[in-house]
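Student: One structure, pasted below without further comment.
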Amino acid sequence: MKDVGVVSYGAYVPHFRIVPEEIGKVWGVDGKAMGKGLMISSKSVPAPDEDTITIAVEAARNMMRRCAVDPKDIGALYVGSESHPYAVKPSGTIVAEAIEAAPDLTVADFEFACKAGTAAIQACMGLVGGGLVKYAVAIGADTSQGAPGDALEYSASAGGAAFLIGAQDVIATMDNTYSYTTDTPDFWRREGQRYPRHGGRFTGEPAYFRHVMSGGKGLLERTGMSPEDYTYAVFHQPNGKFPTRVAKQLGFSPEQTKAGLLVPQIGNTYSGAVPLGLAAVLDEAEPGDRIFAVAYGSGAGSDAFDITVTDEMATFRRDASPTMNELMASPKYIDYATYAKFKGKIAKERD
Amino acid sequence: MRRVAVIGVGITEFGELWDSSFRKLGIGAGLSAVGDAKITADKIEALFVGNMSAGRFIRQEHVGALIADYSGIARDNIPATRVEAAGASGGLALRQGFMAVASSLHDIVVVGGAEKMTDVSDVESSLIQSSAADQEWETELGATFASLHALMATRHMHDHGTTREQLADVAVKNHRHGALNPKAQFRREINRDVVLRSPMVASPLRVFDCAPSSDGAAAVILCPFDIAKKFTDSPVEIIGSGQASDSLGLHHRKDICTMAATRAATQRALKMAGLSQKDVDVAEVHDNYTISEIIAIEDLGFFPKGEGGKATEDGLTSLDGDVAVNTSGGLKARGDPIGATGVAQAVEIVSQLRGTADKRQVKDADVGLTQNVGGTGATVVVHLFRRV
Amino acid sequence: MATAPRYWRENPSRYNMVGFKCNNCGKYYFPPRIICPLCHRKSVGKTEPVKLKGTGAIFSFTEVHEGMDEHYVQKPYIVAMVELEEGAKVTGQVIDCDACDLSIGTKVRATLRKLSEEGSAGVIHYGYKFVPVRENGERPGDE
């Protein structure tokens, strides 16, 4: 196996935001208190002409702008999402064409609730490490849906990040990865259904916490590392509470998790969550920094990563694309009526 | 080339004509033109029909044959040809008829134009109208037909200082003229405020900057100039005909404040007639949007580029102005049944030159002009007429 | 309506702004053409498809209030004519901004968005739209 790592990365978050108060106002809920409980002060909302594909394309293009890699050298591209616009027809083909990587590559869409993007990263690591392809692209992107009035409506948002995995000129090495998987139905969406269902409090202890803890501990055991060895830690963030608690239980400090905790500003970007958190960390990381990351996907499983920032980062062209801070700066806030229209919750009768 | 005269004109009322089908409109205009020319059906040698989109408005193609059939002339197996160039379909049909007579191919020719637009929804109607622009590279990207003219207006205001009020003045003038035309769709005067307070369509253009969707038809009868007096005491000669093309997409034009095709077609028509712009007393121009008339009167050479708005504001295009523009009310007030428009323009000019335009008569009108535009200026047809 | 092939064949230009360069006169065109309208037959064999950068400035723009039904969710939306860096002009929507933030000359860049879809069961069409370019990290309209 070759040593593999991140050659480049790019992120994207839609321009629009809605605040919990605005949602609560409609449903007779104290939105402010709801937001405080979830530690979410606003969530991103995709424009009506955005979907997982356009978000994936934008993230992938931001990734390509930061490196000099010939897109024709990309041998694999995977898009992980739980909101692929087509039930049948890949999202990835459009992304591959849009970054001019087609046609000499393999493409597939991944689905594993919120960890489809990190599952794609692991697949890319395998292909590059095994020498099957020179470069591979893994994207986690979502325009997640929360049913009107459901608790998810306060958090389900949109965004995505793309990672170019390779074996040369890496800005961060992917030193280890470990996954922990069981069959746990905490959150699902049946074929043909518009909105997902969830198990309420069942999504907590037996689902998120058990899998993220086990994934995190499993990785630490296998690597012989301890939490204080890491500069940064990123956890799946369906809200602000869960990752904060899980970080504490695993022994990570708020200083370590701060840079990668985006959910207070943009909400739960599902498959985009850990990829975007990692992107935010890479925006400020310096050579030698170590990053610990655990993604979670309902259903259920976790993917844990042990990452080291290399000297290449010193010359990496971060400023060729917007950083997470730039992407999150100066959004446009919309009211619930506009949000409902954008998300197709209300629709005009058409001929 | 033979000289060609118009010996009869006919026009239906323009508007939302719920009782009238496409064929009823076409036959109505044709019958009244034939009656005006005092000819019998057996004299007609050919029919040209201007029509933009019957296929989409009423799902009927092959409308040349349809009109020939229902007007009873198909029994004589005369050739009937449909002519299409979006908004310029009518003007182009007239040019085909003109060429047929001028070339000695035919003697008596009927040129008709018709469109039935109100059998589809407003949404469908605007979609159909937008097909005059580039579907792949304008419409599919979100551009409406109005928005393309709005791009011209924004740029004209930026480059030449044309004001929002001057755009409104075009509509105000044309409504004033339309109020004097019994066939017009809108027969009431409006003021600037009505225009400026009407709902926005595509900024800066508002509802009252746009011609309506209309049903209607118009027809003219052409014959060799030499025998025109056999049919009428007041023939009008077609002394010039010019046609020009430009890029289909507005974005490919050198200057979106200029319709180069209008300039080229005008030059060709004037050259044929041996006249200059100064000789024109009355003109019907393609004011599908208010900005279109401002651009038209500049490109026709009536006013220097950039001064069309000021000229309108100063009343130079009114009935008693330097050149009376759109005495019929134009597309704005008379109505714009697309395929009929170019022929209706000729009907108005013939009426003016015959001195039968009643309350909207331009005094001593001797030379008249029509300018008929397809798309955002990809096809322009200009004709010049003179009183005999 | 089975229109998938009609859109599919334009994908290179719709996704990546592949235009056309005449190597006889050096002029760029978008969308691609078959011959150069300036050089006519002299351009035959001397033209090539070229990916345009997708950056440029607003040449003219309008805020569309009465648009096509398929864009009803976005209304009002902005349509602009953009003069690309290479010199070609192109028509497209400008998104994620308000008309009052734009003027002739505002810098924009192309992005990929949904253009339209054939109902809820049909094919989705993707293509370029423009977003104002952040200058000094700020976009037009930022406080």
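The values are calculated or read from the model by the stated rules, or taken from the named source; none is laboratory data. Note that this is a predicted model, so its numbers are computed, not measured. Because the Cβ atoms are built from the backbone with ideal geometry, glycine has one as well, and the counts that use them run over all protein chains shown. For the accessible areas, the whole protein counts, side chains as well, though only heavy atoms, and no ligand, DNA or RNA atoms are used. Shrake-Rupley method; radii C 1.70, N 1.55, O 1.52, S 1.80 Å.
Student: Take the Cα atoms of the protein assembly as shown, build their convex hull, and give its volume per residue in Å³.
Tutor: Working: hull volume 150.7 nm³, N = 882.
In the protein assembly as shown, the Cα hull volume divided by residue count equals 171 Å³.
Student: Please list A:His15, B:His286 in order of solvent-accessible area, largest first, computed with a 1.4 Å probe with all protein chains present. Don't jump to the answer; show the numbers that get you there.
Tutor: Details: A:His15 30, B:His286 5 Å².
Reading off the accessible areas and sorting them downward yields A:His15, B:His286.
Student: Let me ask something additional. Let me check against my output: what whole-number percent is the relative contact order of the stretch B:196-265, with C-alpha pairs under 8 Å and at least 6 apart?
Tutor: Numbers: 29 pairs, mean separation 13.0, N = 70.
Averaging sequence separation for qualifying contacts and normalising by length gives 19 percent for the stretch B:196-265.
Student: Separate question: From Cα pairs below 8 angstrom and at least 6 apart in sequence, can you work out the relative contact order of the stretch C:54-132, rounded to a whole percent? Please list the in-between numbers first.
Tutor: Values: 161 pairs, mean separation 24.4, N = 79.
Taking the mean separation of contacting Cα pairs over the length of the stretch C:54-132, I get 31 percent.
Student: Continuing with this model, one more query. Which pairs in the list A:Lys72/A:Lys115; A:Lys36/C:Lys114; C:Lys75/C:Lys129; A:Lys25/A:Lys345; A:Lys89/A:Lys343; B:Lys305/B:Lys359 are over 24 Å apart, alpha-carbon to alpha-carbon? Present the calculation step by step, with values, prior to reporting the outcome.
Tutor: On the way: A:Lys72/A:Lys115 27 Å; A:Lys36/C:Lys114 34 Å; C:Lys75/C:Lys129 15 Å; A:Lys25/A:Lys345 16 Å; A:Lys89/A:Lys343 22 Å; B:Lys305/B:Lys359 31 Å.
The answer is A:Lys72/A:Lys115; A:Lys36/C:Lys114; B:Lys305/B:Lys359.
Student: Helix B:260-273 versus the longest principal axis of chain B: what angle, 0 to 90°, nearest 10, using Cα atoms?
Tutor: Roughly 40 degrees between the two axes.
Student: If the only charges are +1 at each Lys and Arg Cβ and -1 at each Asp and Glu Cβ, what is the size of the charge dipole of the protein assembly as shown around the Cα centre, to the nearest 20 debye? Each step should come with its number before you reach the end.
Tutor: On the way: 94 positive and 108 negative charges, 243 e Å.
It works out to roughly 1160 debye.
Student: What is the percent carbon and sulfur in the accessible area of the stretch A:86-188, measuring with a 1.4 Å probe over the protein chains and ignoring ligands?
Tutor: On the stretch A:86-188, the fraction of accessible area on carbon and sulfur atoms equals 54 percent.
Student: Please report the relative contact order for chain C, taking Cα pairs under 8 Å with a sequence separation of at least 6, and give it as a percent rounded to a whole number. Don't skip to the answer; put the middle values down first.
Tutor: Numbers: 271 pairs, mean separation 28.8, N = 143.
Computed over chain C, the figure is 20 percent.
Student: Let me ask something additional. Among the DSSP beta bridges whose two residues both lie in chain A, what percent are antiparallel, rounded to the nearest 5? Intermediate values should be presented prior to the final figure.
Tutor: On the way: 41 of 60 bridges.
Roughly 70 percent of the beta bridges in chain A run antiparallel, per DSSP.
Student: Something else about it: Once whole DSSP H runs in chain A are found, which of them have Cα atoms spread over 15 Å or more along the helix axis and a mean Kyte-Doolittle score of at least 0.0?
Tutor: On the way: long enough: A:52-65 (20 Å, 0.36); A:116-129 (19 Å, 1.34); A:210-223 (20 Å, -0.61); A:273-284 (17 Å, 1.35).
Span-like helices here: A:52-65, A:116-129, A:273-284.
Student: Taking the Cα atoms of the stretch A:1-151 alone, what are Rg (to one decimal) and Dmax (as a whole number) in Å?
Tutor: When restricted to Cα atoms, the stretch A:1-151 yields Rg and Dmax of 17.8, 57 Å.
Student: Just give the residues from the stretch C:115-130 buried by at least 50 square angstrom of accessible area in the all-chains context relative to the isolated chain, probe 1.4 Å, and say none if nothing qualifies.
Tutor: C:Tyr126
Student: To check you understand DSSP bridge types, tell me what percent of the beta bridges within the stretch B:245-388 (both residues inside) are antiparallel, rounded to 5. Walk me through the intermediate numbers first.
Tutor: Working: 9 of 14 bridges.
The answer is about 65 percent antiparallel.
Student: For C:Ala57 and B:Asp226, what does the FRET efficiency come to when R0 = 56 Å and r is the distance between their Cβ atoms, rounded to the nearest 0.05? Before the final figure, lay out each step's value.
Tutor: Numbers: r = 59 Å, r/R0 = 1.05.
With a Förster radius of 56 Å, E is 0.45.
Student: From the Cα gyration tensor of chain C, with a ≥ b ≥ c the square roots of its eigenvalues, which class applies: rounded if a/c is under 1.5, or else prolate if a/b is larger than b/c, or else oblate? Write down the numbers at each step before the final one.
Tutor: Numbers: a/c = 2.30, a/b = 1.26, b/c = 1.83.
Here chain C falls in the oblate category.
Student: Still on this structure, please answer the following. Take the alpha-carbon centre of the stretch A:66-87, take the same for the stretch A:180-217, and report the distance between them in whole Å.
Tutor: The distance from the Cα centre of the stretch A:66-87 to that of the stretch A:180-217 comes to 26 Å.
Student: For A:Lys217, go through the aspartates and glutamates and keep the ones whose alpha-carbon is under 15 Å away, minus same-chain ones fewer than eight residues off.
Tutor: A:Glu228, A:Asp229, A:Asp303, A:Asp306
Student: If R0 is 41 Å, what FRET efficiency do you get for B:Arg75 and C:Glu117 from their C-beta distance, rounded to 0.05? Please list the in-between numbers first.
Tutor: Numbers: r = 50 Å, r/R0 = 1.22.
The pair B:Arg75/C:Glu117 has a calculated efficiency of 0.25.
Student: Mind checking how much accessible area B and C bury in total, 1.4 Å probe, in Å² rounded to 100? All intermediate terms of the calculation are to be shown ahead of the outcome.
Tutor: On the way: alone 14780 and 9210 Å², together 21090 Å².
Interface between B and C: roughly 2900 Å².
Student: Just grab the label-to-label distance for B:Met272 and B:Ser234, each label 7 Å out from Cα along the Cβ direction, in nm (one decimal).
Tutor: Roughly 2.5 nm, to one decimal.
Student: Check the straight Cα-Cα distances from B:Lys43 and name the lysines below 16 Å, setting aside those fewer than 8 residues away within the same chain.
Tutor: Candidates past the 8-residue exclusion: B:Lys229, B:Lys230.
Student: Using 13 Å as the cut-off for backbone N distance, which residues of the stretch B:194-236 belong to the label zone defined by a point 7 Å from the Cα of B:Glu16 along Cα→Cβ?
Tutor: Output list for this probe position: B:212-215.
Student: Once label points are set 7 Å from the Cα along Cα→Cβ at both C:Arg6 and B:Ser103, what is their separation, rounded to one decimal in nm?
Tutor: According to this spin-label approximation, the distance is 3.2 nm.
Student: Let me ask another. In the stretch A:197-351, what % of DSSP beta bridges are antiparallel (nearest 5)? Each step should come with its number before you reach the end.
Tutor: On the way: 8 of 12 bridges.
For the stretch A:197-351, the DSSP antiparallel bridge percentage is about 65.
Student: Moving on to the next point. Provide the per residue accessible area, probe 1.4 Å, for chain B, rounded to a whole number of square angstrom. Intermediate values should be presented prior to the final figure.
Tutor: Numbers: 13260 Å² over 388 residues.
The answer is 34 Å² per residue.
Student: Okay, next question. Identify the trypsin sites (Lys or Arg not before Pro) of the stretch C:1-95 meeting these criteria: DSSP loop state and at most 16 other C-beta atoms within 10 Å of the C-beta. Can you show the working numbers first?
Tutor: Working: sites: C:Arg6, C:Arg9, C:Arg14, C:Lys21, C:Lys27, C:Arg33, C:Arg41, C:Lys42, C:Lys46, C:Lys51, C:Lys53, C:Lys89; in loops: C:Arg9, C:Lys27, C:Arg33, C:Lys46, C:Lys53.
In loop regions of the stretch C:1-95 (DSSP not H, G, I, E or B), the sparsely surrounded trypsin sites (Lys or Arg not before Pro) are C:Arg9, C:Arg33, C:Lys46, C:Lys53.
Student: Further question: How high is the FRET efficiency between A:Phe209 and A:Glu286 when r is their beta carbon distance and R₀ equals 45 Å, given to the nearest 0.05? Don't jump to the answer; show the numbers that get you there.
Tutor: Details: r = 32 Å, r/R0 = 0.70.
In this case the efficiency is close to 0.90.
Student: How much length is gained on full extension from A:Thr223 to A:Asp335, taking 0.36 nm per residue of separation minus their Cα-Cα distance? Numbers along the way, then the final one.
Tutor: On the way: separation 112, 0.36 × 112 = 40.32 nm, distance 4.76 nm.
Separation in residues times 0.36 nm, less the Cα-Cα distance, equals 35.6 nm.
Student: To the nearest 20 Debye, how big is the dipole of chain B about its Cα centre, given +1 on the beta carbon of each Lys and Arg and -1 on that of each Asp and Glu?
Tutor: Charge dipole, chain B, about its Cα centre: 640 debye, nearest 20.
Student: Could you tell me how many cubic angstrom of Cα convex hull volume the stretch C:54-132 has per residue?
Tutor: On the way: hull volume 6.7 nm³, N = 79.
Expressed per residue, the convex hull around the Cα atoms of the stretch C:54-132 is 85 Å³.
Student: For the stretch C:54-132, what does the accessible surface come to per residue with a 1.4 Å probe? Please give it in Å².
Tutor: Ligands and nucleic acids excluded, the figure is 29 Å² per residue.
Student: In square angstrom and rounded to 100, what buried accessible area do you get between chains C and A, total over both, with the probe at 1.4 Å? Kindly include the intermediate steps, with their values, before the conclusion.
Tutor: Values: alone 9210 and 14620 Å², together 21320 Å².
Buried area (both sides, nearest 100 Å²): 2500 Å².
Student: While we're looking at this one, here's another question. Compute the length gained on full extension between B:Asp279 and B:Lys43: take 0.36 nm times their separation in residues and subtract their Cα-Cα distance, giving the result in nm to one decimal.
Tutor: Values: separation 236, 0.36 × 236 = 84.96 nm, distance 3.44 nm.
Residue separation times 0.36 nm, minus the Cα-Cα distance, leaves 81.5 nm.
Student: Mind ranking B:Ser147, A:Ser41 by accessible surface for me, highest first, 1.4 Å probe? Don't skip to the answer; put the middle values down first.
Tutor: Values: B:Ser147 0, A:Ser41 70 Å².
Putting B:Ser147, A:Ser41 in descending order of accessible area: A:Ser41, B:Ser147.
Student: Name the residues of the stretch A:311-332, by number, that are at least 20 Å² less accessible with every protein chain in place than in the isolated chain; the surface is that of heavy atoms, probe 1.4 Å, without ligands or nucleic acids.
Tutor: A:Glu326, A:Ser330, A:Lys332
Student: Are there residues in the stretch B:198-220 whose accessible area shrinks by at least 40 Å² when all protein chains are included rather than the chain by itself, and which are they (probe 1.4 Å, ligands and nucleic acids not counted)?
Tutor: Flagged in the stretch B:198-220: B:Met200, B:Val201, B:Ser203.
Student: Further question: Given a 1.4 angstrom probe, I'd like the percentage of the accessible area of chain B that is carbon and sulfur, rounded to a whole number.
Tutor: Values: 6360 of 13260 Å².
The computed percentage sits at 48.
Student: Spelling out what I want: for every residue of the stretch B:368-378, take phi, set θ = phi - 60°, compute 6.51 cos²θ - 1.76 cosθ + 1.60 (Karplus), and round to whole Hz; glycine and proline get x.
Tutor: Going residue by residue, I get x, 9, 10, 10, 10, 10, x, x, 8, x, 6 Hz, with x marking Gly and Pro.
Student: What is the distance, in nm, between label points placed 7 Å from the Cα along the Cα-to-Cβ direction at A:Ala147 and at A:Lys89?
Tutor: So the two model labels end up 2.8 nm from each other.
Student: Another question, then. Probe radius 1.4 Å, ligands and nucleic acids ignored: give me the carbon and sulfur share of the accessible area of the stretch C:54-132 as a rounded percent.
Tutor: Numbers: 1060 of 2330 Å².
For the stretch C:54-132, the apolar C and S fraction of the accessible surface comes to 46 percent.
Student: Can you compute the helix-only [θ] at 222 nm over chain A? Use -39500 (n - 2.57) per DSSP H run of at least 4 residues, normalise by all residues, nearest 500 deg cm²/dmol. Provide the component values of the computation, followed by the final result.
Tutor: Values: 12 runs with 108 residues, N = 351.
Here the helix-only value at 222 nm equals -8500 deg cm²/dmol.
Student: Just to confirm the filter: which GluC sites (Glu not before Pro) across the stretch A:110-199 are DSSP coil and have at most 12 other Cβ within 10 angstrom of their Cβ?
Tutor: Numbers: sites: A:Glu111, A:Glu153, A:Glu191; in loops: A:Glu111, A:Glu191.
Those satisfying the criteria are A:Glu191.
Student: Between the stretch B:255-294 and the stretch A:224-296, what is the C-alpha centre distance in whole Å?
Tutor: Using only Cα atoms, the two centres lie 68 Å from each other.
Student: Using a 1.4 angstrom probe, figure out how much accessible area chain A has per residue, in square angstrom, rounded to the nearest whole. Spell out each step's value before the answer.
Tutor: Numbers: 13320 Å² over 351 residues.
For chain A, the per-residue accessible area is 38 Å².
Student: Here is a follow-up. Compute the projected area of the convex hull of the Cα atoms of chain B, averaged over all viewing directions, and report it in nm² to one decimal place.
Tutor: Details: hull surface 65.7 nm².
Dividing the Cα hull surface by four gives the mean projection, 16.4 nm².
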